[in-house]
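To start, the structure itself, in structure tokens.
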Amino acid sequence: MKKRLIILGIAIFASVQMMLAQSMTDAQIVDYAKQRTATGANPKTIGAELLAKGATEEQLKRVYNDYNSAVDNEPSGATVVNRDRINNGEAAPTATTSATGGRTVFGRDIFRSKNLSFEPNMNTVVPQNYVLGPGDELIVDIYGASQASAKYTVAPDGSVTIPRVGPIGVSGMTVEGAQSRIIAAMGHHYKNSSIKLTVGQTRTITISVMGEVLTPGTYTLSAFATVFHALYMAGGTSSIGTLRDIKVARNGRIISTVDVYEYILNGRLAGNVALDDNDVIIVGAYNNLVQISGNVKRPMWYEMKKNESVKSILTFAGEFTGDAYTKNIRVERRAGDKLSVYNVDEFDFGSFTLADEDHVIVRGNEQRYSNLTVIEGAVKRPGNYELSTVSSVKGLINAAGGLEEDALTTRAVLTRTNEDRTKKTITIDLEGIIAGTAADVILQNEDVLTIGSLATLHGEQTYTIEGEVFNPGTMPFAENTTIEDLITKAGGLRESASLLNVEVARRIVDPSASSDLDIRSETFSFSLKDDLSVEGGTGFVLKPYDRVYIRRSPVYNAQRSVNISGEIMFAGNYVLADQNVRVSEIINRAGGLKKKASAHDARLLRVMNESERARQNQMLKMAANAADSIDVAHLELASTYSVGIDLEKAMQHPGSDFDIVLRDGDQIIIPQLNTTVKINGEVLYPNSVTFKEGKGYMYYINEAGGFTKESVKRKSYIIYANGHVSKASKGHIEPGCEIVVPTKVHKHDSSETMKWVSLSSSIMTAAALVVSVLNK
């Protein structure tokens, strides 16, 4: 029996825990996020924990939106907010739940702006009609035969106690009334003096803001505070709070109703009364939220009172824009699980009442002209013209500045729009109209007159020059251009240009052809003289779209050189006299090696040629497509690479395979004799140690403290000074080499990765909330 009770207790406990885990309040989410952040937890981890505790993705998004909005617009006087509740040990309330789904509602942010606090001005003189109460400071000044000044604070019972006079009740009286009472009480003591009453420090009042505000609670404010200032201190209305029906209760009855839209739109502070001690401001939920979109000046969501019409929301939205269709609007209304559509005519705008979630759509006018004619093509000023000022084809041409010089006057085309919006084409005898031999054509609305030109008839004609000229490229065609002329336009021939085998390729043009040809183009070959004239004086003239090719001379080569540096007698650049210059020849031309030179460690650096760069780029593209690729766009790619050489054997066997043929830009580096071995990578103490003949690579590993736990011993390798690389277990150690021990590569558990991927969307949403809490 005892065992059964234990099992039952465990089951009940588990059920309760499951119920608790099924949901979290918005306040719990924010508090938990703050607590876990303070411990240094990762935002993703916090997000996963919130989901496990029962928070949903939608809830996290909602809390994030409300909290972010509330903190972004936190009032400058936030230190006063909820002073009484915080002093009593209560936590400040969090933002209320958003029910508007992130909609932009007109006026919702007015009480969240730091520049509009509605705070009363405390530097003005207290008016005579100010009603006194407990906590107010009164200053009594006596002047004349007697001189005195004293300050008195109104006691909780509403009186001030004046020496030699006693208590005088002033609470509930105006400043003017209190002054009369005090003079009456003190007058017989100061018959030949005057008495003046002023108010010093005014009292504070305690009011409550309840309902749908971001931070409901009790607030201590100035006695001059109004409803708007109290709403500002409470952070404004929540996402479901009303702006149109805010109530102020005093002593159990409603004394004022505030419509914030009256202030925003009309500048009227109707209902924004001065508050009194223990007043209660009640913000209920909105009645109707209506969206208006389309061609109005301020399209957004608006809060509407019951029985407000289309005319009201149009006023709120700033009325129609200039391109709006004002005769009729559309209203979409949700009725159950379906939508209904209503077309409201302009005469019904004032009577058609709106409901919650209505969508008012204002369409634009159809873009049609009533007095338009258009001219395009070969005229001085093509464009749109007023029909009434250019009633005919000839008048339109004159208004457009006349025809261009290359205009085709044999015909023009007039495109006319019919009443059913179809088009028809009218051929115009332009030459006859201009000469007066043909009747002018009267234009109609939306007529378009098109005048062709030689350029549009033939297209933009060009010719091209390529090869060994200073400015190769395509140029506009000009008649009577010769090969010599085009070379001159291209800046002349380069030093590398060949005067022989200048070639011109020409299109085959035959508009009357009825069959295909095997020949695609014609080619012409020429030789040029030193003055660029064509040998034989053929007078060859270029045609549109010809392509001229200037070849490179087969014997032209710019000087090519290599550089040798280090332990060499005469370091510097040496010219390659031909294509078969080898390493040994350059060493001999440089005077040979110095005594301390290490021929065995000599290196050769080579500049990549075009084909090698192309292979490198191709490998990078393949890497970029790989699953575990790095960001190749940020790699700093070297333009040179090391070529392994054995200078000792090259000098011993000139012309052999050891004696490498050099290339333009090669760099030969002859180092000094190095008697150390460098140990790098995953060893306990990477350093350089003195080379010892006959010692294997493990000797040097031990000299560096041995392998670390992250090392991959079997993949260790040796880099020799001359650029050769060998596996450490098979290579030999020599002076100047470097032993490298690589690091282990850790692979993530695939099942754990998939779990994170499946939760990534929700976790990132929760993480965004956490980050928002941290940043604010």
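If you take the residues in region 199-236 that are among the hydroxyl-bearing types (Ser, Thr, Tyr) and part of a loop (DSSP other than H, G, I, E, B), which one is modelled with the lowest pLDDT?
The qualifying residue modelled with the lowest pLDDT is Thr202.
This table checks each residue for (1) open to solvent by 50 Å² or more (accessible area, probe 1.4 Å); (2) in contact with a helix residue (DSSP H, G or I) (Cβ under 9 Å, 6 or more places away or on another chain); (3) of a type in the set (D, E, K, R).
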site	(1), (2), (3)
Arg552	yes, no, yes
Ala571	yes, no, no
Tyr574	no, yes, no
Gln579	yes, no, no
Lys596	yes, no, yes
Asp601	no, yes, yes
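Please specify each residue of region 132-159 satisfying the condition of being open to solvent by 70 Å² or more (accessible area, probe 1.4 Å) and either in contact with a helix residue (DSSP H, G or I) (Cβ under 8 Å, 6 or more places away or on another chain) or part of a strand (DSSP E or B) (or both).
Tyr143, Ser149, Lys151, Thr153, listed by residue number.
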Practice prompt. Tally the residues that are part of a loop (DSSP other than H, G, I, E, B), in contact with a strand residue (DSSP E or B) (Cβ under 6 Å, 6 or more places away or on another chain) and farther than 24 Å from Asp601 by Cα, restricting the search to region 706-720.
Written response: 1
Discussion item. Return the residues of region 519-550 that are open to solvent by 90 Å² or more (accessible area, probe 1.4 Å), assigned to a loop (DSSP other than H, G, I, E, B) and under 24 Å from Thr462 (Cα atoms); say none if nothing qualifies.
Written reply: Ile519, Arg520, Lys543
Practice prompt. Answer yes or no: is there a residue in region 305-315 that is over 16 Å from Ala230 (Cβ atoms), buried (at least 18 other Cβ atoms within 10 Å of the Cβ) and under 35 Å from the mean Cα position of the chain (by Cα).
Written response: yes
Worksheet item: Looking at region 469-493, which of its residues are more than 24 Å from Gly536 (Cβ to Cβ) and either in contact with a Gly (Cβ under 8 Å, 6 or more places away or on another chain) or charged (D, E, K, R) (or both)?
Response: Phe470, Asn471
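Residues checked against (1) in a loop (DSSP other than H, G, I, E, B); (2) at negative phi; (3) exposed (fewer than 14 other Cβ atoms within 10 Å of the Cβ):
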site: Val344; (1), (2), (3): no, yes, no
site: Val360; (1), (2), (3): no, yes, no
site: Asn384; (1), (2), (3): no, yes, yes
site: Ile397; (1), (2), (3): no, yes, no
site: Glu419; (1), (2), (3): yes, yes, yes
site: Glu431; (1), (2), (3): no, yes, no
site: Thr437; (1), (2), (3): yes, yes, yes
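Give the residues of region 498-518 that are of a type in the set (Ser, Thr, Tyr) and either closer than 17 Å to Arg547 by Cβ or surrounded by 12 or more Cβ atoms within 10 Å (Cβ to Cβ) (or both), sorted by residue number.
Correct list: Ser498 only.
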Item to complete: Determine the pairs where a residue that is within 21 Å of Arg416 (Cα to Cα) and in contact (Cβ under 8 Å) with a residue 12 or more places away in the chain, located within region 431-443, has a partner that is assigned to a helix (DSSP H, G or I) and of a type in the set (A, V, I, L, M, F, W, C) with Cβ atoms under 7 Å apart, the partner being 6 or more residues away or on another chain.
Response: Ile433/Val393; Asp440/Val393; Asp440/Ile433; Val441/Val393; Leu443/Leu387; Leu443/Val393; Leu443/Leu396
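Just to verify a result, which residue in region 169-188, among those that are closer than 15 Å to Asp141 by Cα and of a type in the set (A, V, I, L, M), is surrounded by the fewest Cβ atoms within 10 Å (Cβ to Cβ)?
Ala184
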Worksheet item: When you scan region 474-497, how many residues do you find that are closer than 10 Å to Ile550 by Cα, open to solvent by 20 Å² or more (accessible area, probe 1.4 Å) and either in a loop (DSSP other than H, G, I, E, B) or of a type in the set (Val, Ile, Thr) (or both)?
Response: 1
Worksheet entry | Residue that is farthest from Phe540 (Cα to Cα) [pool: residues in region 448-464 that are of a type in the set (Gly, Ala, Ser) and either in contact with a strand residue (DSSP E or B) (Cβ under 8 Å, 6 or more places away or on another chain) or open to solvent by 60 Å² or more (accessible area, probe 1.4 Å) (or both)] | Gly452
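For region 243-270, enumerate the residues that are buried (at least 22 other Cβ atoms within 10 Å of the Cβ) and either closer than 19 Å to Met304 by Cβ or under 38 Å from the mean Cα position of the chain (by Cα) (or both). Break it down into steps so the answer makes sense when it comes.
Going through region 243-270, the residues buried (at least 22 other Cβ atoms within 10 Å of the Cβ) turn out to be 243, 246, 248, 258, 260.
Matches in region 243-270: Leu243, Ile246, Val258, Val260.
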Worksheet entry | helices (runs of 4 or more DSSP H) contained in region 566-684 and holding at least 3 residues at pLDDT 85 or above | 583-589, 647-652
Worksheet item: So which residues in region 320-342 are over 21 Å from Asn287 (Cβ atoms), surrounded by 10 or more Cβ atoms within 10 Å (Cβ to Cβ) and of a type in the set (Gly, Ala, Ser), if there are any at all?
Response: Ala324
Worksheet, complete the sentence: Taking region 694-722 and the residues there that are of a type outside the set (Ser, Thr, Tyr) and surrounded by 17 or more Cβ atoms within 10 Å (Cβ to Cβ), the one that is farthest from Val677 (Cα to Cα) would be Phe707
Practice prompt. Take region 269-297 and flag every residue that is farther than 23 Å from Phe118 by Cβ and not small (Gly, Ala, Ser).
Written response: Asn287, Asn288, Leu289, Val290, Gln291, Ile292, Asn295, Val296, Lys297
Item to complete: Would you mind stating whether Gly467 is closer than 18 Å to Tyr556 by Cα, open to solvent by less than 60 Å² (accessible area, probe 1.4 Å), under 46 Å from the mean Cα position of the chain (by Cα) and modelled with pLDDT of 90 or more?
Response: yes
Worksheet item: Considering only region 165-197, how many residues are in a strand (DSSP E or B), within 28 Å of Asp277 (Cα to Cα) and not hydrophobic (A, V, I, L, M, F, W, C)?
Response: 5
Worksheet entry | Filter result (modelled with pLDDT of 50 or more and open to solvent by 100 Å² or more (accessible area, probe 1.4 Å)) within region 728-768 | Lys730, His732, Val745, His746, Lys747
Worksheet entry | Inter-residue pairs, beta-carbon under 8 Å, first without any contact (Cβ under 8 Å) to a residue 24 or more places away in the chain and in region 565-582, second open to solvent by 80 Å² or more (accessible area, probe 1.4 Å), 6+ apart | Tyr574/Arg589; Val575/Gln559; Val575/Arg560
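Kindly check whether there is at least one residue in region 446-467 that is closer than 30 Å to Glu495 by Cβ, not hydrophobic (A, V, I, L, M, F, W, C) and not in a strand (DSSP E or B).
no
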Worksheet, complete the sentence: Taking first residues from region 314-328 that are closer than 13 Å to Leu265 by Cα and second residues anywhere that are hydroxyl-bearing (Ser, Thr, Tyr), the pairs with Cβ under 9 Å that are 6 or more apart or on different chains are Phe316/Tyr261; Phe316/Tyr302; Ala317/Tyr302
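The values are calculated or read from the model by the stated rules, or taken from the named source; none is laboratory data. Remember, it's a predicted structure, so these values are computed and weren't measured experimentally. Reconstructed Cβ throughout: ideal geometry from the backbone, glycine too, with neighbour counts over all protein chains shown. Accessible surface is based on the protein model in full, side chains and every heavy atom, while ligands, DNA and RNA are left aside. Shrake-Rupley method; radii C 1.70, N 1.55, O 1.52, S 1.80 Å.
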